[in-house]
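Beneath this line is the structure, given in structure tokens, with notes to follow.
The values are calculated or read from the model by the stated rules, or taken from the named source; none is laboratory data. Just so it is clear, the model here is predicted, and its values are computed rather than measured. With ideal geometry, Cβ positions are generated from the backbone for all residues, glycine too; neighbour counts draw on all protein chains shown.
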Amino acid sequence: MTATQTSAGKRPPLWRNVRFIRGALQVLAVVIVLGAIWFLGNNLRNELVAKNLPTNFDFLGQPTGVTIADSNFNPGSPVRAALIIGIKNTFLIVIVGIPILTVLGTLIGVARLSTNWLVAKAAMVYVETIRNIPPLLIILFVFNAVILQLPPPRDPATPLDWFVISNLKITGPGFAASSGAGVLLAVAVLGLIAAFVVGAWRTRYSEQTGQHHHRVLWGLGVFTSIVLIGYFITGRPVSMSFPVLDGRVITGGFGGLGAYFAVLMALVIYTASHVAEIVRGSILAVPRGQTEAANAIALSGFQRLRYVILPQAYRIALPPILNQYLNLAKNTSLAIAIGFAEITLVTFQAIGNGYPAPQLILLLMAAYLLFSLTISILVNLLNRRLQLVGN
Amino acid sequence: MDTTAATPVEKVSVVVAPRRSGPRVWMKKNLFSTWYNSLLTAVFGALIVWVVFRLGRYLINVDTEIIRVNLRLYMTGRFPSEQLSRLWAAVFVTTAGVGFFARAIVRNGRRKAAEAGLGFERSNWQDVVRRFWPIGALVVFTLSFTETITPTLLTLVAAAIGVAAYWLGAALPTWMVHRSWAIPLVGTLMFYVVLAGFGGVGWDLWQGFFVNIVLTIAGISLAFPLGLMLALGRRSTLPAVRYLSVTYIEFLRGVPMITLLLMGAFALGFLIPGDFQFSLFLRLLIAITLFQAAYIAEVVRGGLQSVPHGQVEAGQSIGLSPWKTMRFVVLPQALRNVIPAMVGQFISLFKDTTLVFIVGLLDLLRAVQISTAQPEFFAQGLEAVVLPFAAVYFWVGSFVMSRESRRLEKKLGVGVR
């Protein structure tokens, strides 16, 4: 009591000093965390040594002892190479899946709000059914009930002679490259850059004159003509290639494993149901006056969606859709259940072959973090462009 | 009195109904308003007829022999059959606990309403049926595959115990009702003792759909305190605490749950001294808890951010300590706001518990898979029978919960106030 009365000029005791308490708490937190890490790391080292496992990452250069379907990977190749193939396969699901599920999700989201009763109800049943089922179950179902029901590899279906379809592999027309294809690729990249430059010019032109920009047409035209000219100048290095069946061996064409298509289909079906809900919510969040304004200037139903509603809806929808993209990337790990050699399965197999689990799982987590980070950076860049200035 | 008041309201709504009605007008408006709508209707109509036709043919021709033979494997895995009575006892404990808890909540609600001088509207039993009928339907669906009458009778007993507990809950002493949070705790303890105590079956042998449910509930309950701490840590003014929390949350949110499960199954054993090895179930539960905590932390953070800063200032102005401000002013409002999001997290964990099958725990999905590998059912395309069967369970659970969360959202007025 006396202390409070004579506090003028006196400093509070140490245990009442806010700055001291704050500092002490932080030091305590850091010490606890570091202590825990040290304790666990120490255990890890001891256990690894006790089990005769390596404590570093040198094992990455040793042979895996596994085979990976649909690649020229042999059991003698190092663990590192297997992991890289795994990352590539994961990437192939994500990069193909994202555009498809965006379009599909948007279509279903719009369909849920359709004035057509039948369409709206069908979309609702789809969304409510699919999003309440575990994605793993959908993957297993698509693989077992769709892909494995295709004809066996010894007797595949060949519709139009363009495709070779079996339950092991699905192959369609592709491109075959000969020498000089690299040059053409460089030309194509140049063409793409030129197309964007022209598009930017058309946009500026449109803003200055009020004429229609037609930037997609212009861009496509520039790109196509550059690539076509390059194609003939480099001596036609790329040709169409159709899959040819010779016994059980398929040569030419472009395709993927049945398991790949199963994962892709299942994850697109599952994630699209979530995207559809987001799109629907975002469209509902666009003020009703916008629809009325679009109707007042006599836009058609499609124009209203394309130029008025969807651009505003996407502004709201993009952050949650980003989450769904990340979910897609993370859910690719479920492909392990049907034996598609993405990064998780490769890691799993390496652990099964006696390589140390802690290091491998750490690498696996790092790979997924890299995926997540890349996707969020890209989408956040897009998000910044879409947001209103001053928001 | 209520009924007399309700009748005229219904009459009014009939009068307000559009004058031009009838199936033809409705079809013209909703199916054939423009030429492309007619086209869409035709295409989707054909599609729906085709789907319904295929589905009908599938349901008529489907042979559920595999489900009837393996139903116990699906529900409880390899739970020892001589101990099955313990499992039923655990079910009885659960229904009794739910009954008591429901009554306690109702009584608490009425007391609080009376204290605040508000009317209390108790939901009638029709309402409860309307909300939870899919679960009842699921139980009936499951029982329709049993081969003896015993499970049905025992289920009826369990339901009777639940109703009796609700009824007896009226006689619970008030001091008990005030501490209604203790009921689930005591119930959980009894549940565990009934199953595992006195030479019973430990959690290493908890399998089948049972383990999906246990992992979901245990995962969320254990992750909640950790997630709450992480959320508070992320909002802390102490930089060190904040950065540690952010690192933990963002790291775990960036990786898929399966990597955590792999860690639990294969790497956790390396992190603890050799003498203290846990069973697979426990290791996976730890992994799930660590993973869910990061997501719960983000959910709770959303709630904390939704509480206006004026509330904190109000707490400070009446001389509450920071801890008390958090505990009595901010957290109650924040947690109320995040209940729907928590239910969402609960649903997503419920679906994700199927992943344990990859690391070898025998859950419903795993049980369903190994049943198709049995000699008498091998390679007959029975995945098309058993996978939809398993899907029904997850669908019903998720659907009921998501509807509940939407109801809560409306009731709590989240986003309105």
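For region B:27-65, a residue qualifies if it is β-branched (V, I, T) and within 14 Å of another protein chain (Cβ to nearest Cβ), and the qualifying residues are B:T34, B:T41, B:V43, B:I48, B:V49, B:V51, B:V52, B:V62. B:F145 passes every criterion in (1) in contact with a helix residue (DSSP H, G or I) (Cβ under 7 Å, 6 or more places away or on another chain); (2) of a type outside the set (S, T, Y); (3) assigned to a helix (DSSP H, G or I) apart from (3).
Pick from region B:352-363 the residues that are more than 20 Å from A:F340 (Cβ to Cβ) and not hydroxyl-bearing (S, T, Y): which of them is nearest to the other protein chains (Cβ to nearest Cβ)? Looking at residues that are more than 20 Å from A:F340 (Cβ to Cβ) and not hydroxyl-bearing (S, T, Y), I get B:D363.
So which of B:R417, B:R366, B:R407 is farther than 21 Å from B:I258 by Cβ, modelled with pLDDT of 80 or more and either more than 10 Å from chain A (Cβ to nearest Cβ) or assigned to a helix (DSSP H, G or I) (or both)? Selected residue: B:R407, the only one of B:R417, B:R366, B:R407 that is farther than 21 Å from B:I258 by Cβ, modelled with pLDDT of 80 or more and either more than 10 Å from chain A (Cβ to nearest Cβ) or assigned to a helix (DSSP H, G or I) (or both).
So that you can scan it fast, the table gives a plain yes or no per residue for (1) over 22 Å from the mean Cα position of the chain (by Cα); (2) not in a helix (DSSP H, G or I):
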position: A:V49; (1), (2): yes, no
position: A:L60; (1), (2): yes, no
position: A:V66; (1), (2): yes, yes
position: A:N74; (1), (2): yes, yes
position: A:F91; (1), (2): no, no
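Residues that are under 25 Å from B:V400 (Cα atoms) and touching a residue at least 60 places away in the same chain (Cβ under 8 Å) occur in region B:108-128; there is at least one. Checking each residue in region B:258-276 for being more than 7 Å from chain A (Cβ to nearest Cβ) and at pLDDT 90 or above picks out B:L260, B:L261. Looking across B:S348, B:S306, B:S279, B:S371, one residue alone is away from chain A (no Cβ under 11 Å), at pLDDT below 90 and under 27 Å from B:L244 (Cα atoms). It is B:S306. For A:S166, the conditions (1) without any contact (Cβ under 8 Å) to a residue 60 or more places away in the chain; (2) farther than 30 Å from A:L310 by Cα are fulfilled apart from (1).
Against the list (1) at negative phi; (2) more than 10 Å from chain A (Cβ to nearest Cβ), the condition B:V392 fails is (2). Going by what's in this entry, would A:P151 be described as assigned to a loop (DSSP other than H, G, I, E, B), within 21 Å of A:T171 (Cβ to Cβ) and touching a strand residue (DSSP E or B) at 6+ places or on another chain (Cβ under 8 Å)? Judged against the criteria, A:P151 is a match. Taking region B:374-389 as the range and being more than 8 Å from chain A (Cβ to nearest Cβ), of a type outside the set (D, E, K, R) and assigned to a helix (DSSP H, G or I) as the test, the residues that pass are B:P375, B:F377, B:V385, B:V386, B:F389. When residues in region A:9-45 are screened for being over 35 Å from the mean Cα position of the chain (by Cα) and either more than 26 Å from B:P273 (Cβ to Cβ) or at the interface with another protein chain (Cβ under 8 Å from one of its Cβ atoms) (or both), 22 of them pass.
Of all residues in region A:311-349, those being buried (at least 24 other Cβ atoms within 10 Å of the Cβ), within 30 Å of A:A50 (Cα to Cα) and away from chain B (no Cβ under 11 Å) number 1.
When region A:138-170 is limited to residues that are farther than 15 Å from A:L264 by Cα and β-branched (V, I, T), the one that is nearest to the other protein chains (Cβ to nearest Cβ) turns out to be A:I165. Within region B:242-260, being under 13 Å from A:I361 (Cβ atoms) and of a type in the set (S, T, Y) holds for one residue alone: B:T259.
Of the listed requirements (1) crowded, with 16+ Cβ neighbours inside 10 Å; (2) assigned to a helix (DSSP H, G or I); (3) within 14 Å of chain B (Cβ to nearest Cβ), A:T129 misses just one: (1).
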